[in-house]
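K.L.:
Quick one: this structure, given as C-alpha cells, is what I'll be asking you about.
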Amino acid sequence: MSTILTVLILIASILLILIVLVQNSKGGGLASNFAGGNQFGGVAEQKSKLENTTWYLVIFIVVGSIILTVTNRHAVTDTKQSEVKERITNPTNVPVIPQAPAAPTVAPAPGE
C-alpha cells in the first residue's frame with residue numbers, strides 16, 4: 001500500500017509542476033505560448049480549471065503524505081517492538097564482542 005501511495009504522490013507532484021508552469025502568471029508564463037487553449041471555454045474558465053486542479057493536487061499530496069507518514073511510523077514501531085521482544089526472549093542473538101588476541105609466546109632460543 002505504501003509503495004502505491006508513494007508512486008501516486010510522485011505522479012501528482014510531477015503533474016503539479018507541469019500545471020504550475022502552464023498557468024498564466026504576471027510575467028506571462030508558459031500559458032501565453034498556448035493561446036489556442038484559452039479560446040476553448042474562455043480565459044477565465046481555463047484559469048479556474050487550472051487553479052482547481054492545482055488545489056486538488058496539493059490537497060492530495062498533503063493528505064497522502066500524512067497518511068504515508070502515519071502508516072510508516074506504525075510499521076517501524078511494530079518492527080522495532082518485535083525486534084526487542086525477540087532479543088528479550090532469545091538471548092542467543094546477543095552480538096559477541098571479539099576478544100583481544102592472546103600475547104605471543106616467545107620460543108626459547110636454541111641452546112638454552
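K.L.:
List the pairs whose first member sits in region 46-65 and is closer than 22 Å to Met1 by Cβ and open to solvent by 60 Å² or more (accessible area, probe 1.4 Å), whose second member is of a type outside the set (Lys, Arg) and assigned to a helix (DSSP H, G or I), and whose Cβ atoms are under 8 Å apart, counting only residues at least 6 apart or on separate chains?
P.N.:
From residues that are closer than 22 Å to Met1 by Cβ and open to solvent by 60 Å² or more (accessible area, probe 1.4 Å), the pairs are Phe60/Leu8; Phe60/Ile9; Phe60/Ala12.
K.L.:
Under 6 Å by Cβ, and 6 or more places apart or on different chains, what pairs join a residue from region 2-24 that is within 13 Å of Gly64 (Cβ to Cβ) and touching a residue at least 12 places away in the same chain (Cβ under 8 Å) with one that is open to solvent by 70 Å² or more (accessible area, probe 1.4 Å) and not polar (S, T, N, Q)?
P.N.:
Cβ pairs passing all conditions: Ala12/Phe60.
K.L.:
Please go through region 3-34 and pick out each residue that is modelled with pLDDT under 85 and loosely packed, with under 14 Cβ neighbours inside 10 Å.
P.N.:
Ser25, Lys26, Gly27, Gly28, Leu30, Ser32, Asn33, Phe34
The values are calculated or read from the model by the stated rules, or taken from the named source; none is laboratory data. What you see is a predicted model; the values in this text were computed from it and never measured. Methodologically, a virtual Cβ is constructed for each residue, glycine included, from the backbone with ideal geometry; neighbour enumeration extends over all protein chains shown. Just so you know, the surface numbers come from the protein's heavy atoms only, side chains and all, with ligands and any DNA or RNA stripped out. Shrake-Rupley method; radii C 1.70, N 1.55, O 1.52, S 1.80 Å.
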